[in-house]
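Visitor: Here it is, the structure, as structure tokens.
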Amino acid sequence: MTGKHRCRSLHAAIPVEDFVIETPPTSAAAPRAEPAQVDAHTSLRNALKLGGSLMVTYGIALAMRVVLPRYLGPESFGRYNWADGFSGAFFVLSAMGLDVYIRKEVAVRREHASEFFGGTLLLQVGLALGLTGAMLWVMRAGGEPPEVQTLALLMGGYQFFFRLNAILAAVLHAREKVDGLSVAHVAMKCIWGGGLVLVLLLRAPLPWLAAPFIGAEVFKAAFLFHLTRKHAGLKMRLDVRATVTALLAALPFFINEAALATNGRVDVSILGLVANKTEVGYYGAVWGIAGMTMLLSPILGWVLLPMMSRAAASSQEEFTRILRRGLEGVVSVSIPVTLAMALGAETWVKLLIGEAYLPAAPVLRLLAPIFVLTYVATVCGSWLMAADRTWTVTRTSLMAAVLNPALNLLLIPLFLRRLGPAGGASATAISLATCEVLVTVILVSAIGSRAWDARGLAVLGKTLGTCAAVTVLHLLLGHLGLDSRDLVRGLARMVLDGAAYLALILLTGAVRKDEVLGLVRMVRNRRKPQSATATPPSEARAA
């Protein structure tokens, strides 16, 4: 329920049901090993290590998100973005749901990955060849230009290695061996960014944009194969029975991931087919800006599900506490970033991608709130999966997979006629937002009273109240002459908004400085041997 292209994903669950969570039985044939004690210190340190590497990689990615739209322009950038989305919609099937399955099962059964990895890799290669042929047939039938066809096929090769790397990384996440993985993230992104700059400087044809993606992922795959063999003991073994067993156990994850692709990839393909590639360019460019709010999404997926799986097998009290404090944390972090994105949409567009994309500023404002919901859904979805309620998540994703394309097909022509430029992109954003609201409400309802305690609700209420006050201030500043259409005045307006938010959030106690400092100190301290260390306070262990 995560990942970079999972920024476009919806993470959900379905109806409310009263249940008692028992120690989750393994879906595979072998008996589950005795669960290890939940170690929040290690999980938090791993999250910070991965977060540090992501700060570097996101910096490089942000630079490319600024350079590519400016250099290519809305039409060419739309072609590139459509090819990426089209290939991603096909190749999401090649992951087979194994990355999520591994984080859940290998976290408590250390040797399980070697039982099925060789067989599933062989299947992935065969599936990739079939998907490439299907892509080519669809594009030729749709009359896509040759350069778009070539680019999409090459991006399919990138997608194969990207999915393979997600599986290899999941093995390291489950084993909590992330030091080398952090290095791989940074090295891969440097290769990608440097390659893109070279392609742009040489003014190479559009299909060459795929070369840096492929080169970076191939390098990362070789590095991760080495790391998984060294730190996780991963072996290339062909065991047909174990492979079939693992694929059946991963089936709900696979269906869920395929359904989520509808919300993240198929909508872009529909937009390009029903409207035009310029609309895809508008949508993709502002999506790149909005995606900055999803910095924590990969970390949540990498760290939270293994941690929750261990907690579900050892302590139900700890299991629920991790959920509540996780929700409190993502609300505190994601809402202010989303608010800044929504209030300063015009300023962000002018500053980062240029005036050619100003018609898409309302699209950015529509997309911004989606990410708060996605964070909440990611935490709740991980909890449901760890509680062995994966099909609950899957059924909801299937519901969204049907609703989202239907809304796109209905709204895109209507909005194009009434709004003109960026009308189609606005329709796609509204379709995605509608689905996200529905599935998040269903997800939280599925967990019920376990999701929020009095403390979490208080943080949520104070944060929303602060947002309302800052929004009023933002509107008043506009009436006083700080017009966002002027870049300097728009930046000044955002600075004043930020100062007001920080002051109010501290005054109301929605974020407590002592807790933040305490968490930083806890993570920085080296963990003492288990036998010599007193059990940490329950709140600290679940922070």
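Where a number appears in this text, it was derived from the coordinates with a stated rule and is not lab data. Bear in mind the structure is a predicted one, so any value in this text is a computation, not a measurement.
Visitor: Between region 358-378 and region 118-144, what is the separation of their alpha carbon centroids in Å?
Guide: About 32 Å separates the Cα centre of region 358-378 from the one of region 118-144.
Visitor: Under the rule a/c < 1.5 gives rounded, and otherwise a/b versus b/c splits prolate from oblate, where does region 382-492 land using the Cα gyration tensor?
Guide: Oblate.
Visitor: Pairs LYS277/LYS350; LYS104/LYS462; LYS189/LYS235; LYS189/LYS462; LYS189/LYS350: which are spaced more than 29 Å apart, C-alpha to C-alpha?
Guide: Working: LYS277/LYS350 21 Å; LYS104/LYS462 34 Å; LYS189/LYS235 27 Å; LYS189/LYS462 38 Å; LYS189/LYS350 26 Å.
Over 29 Å apart, Cα to Cα: LYS104/LYS462; LYS189/LYS462.
Visitor: Determine the relative contact order of region 123-233: mean sequence separation of Cα pairs under 8 Å and six or more apart, normalised by residue count, in whole percent.
Guide: On the way: 84 pairs, mean separation 41.5, N = 111.
Normalised by residue count, the contact order of region 123-233 is 37 percent.
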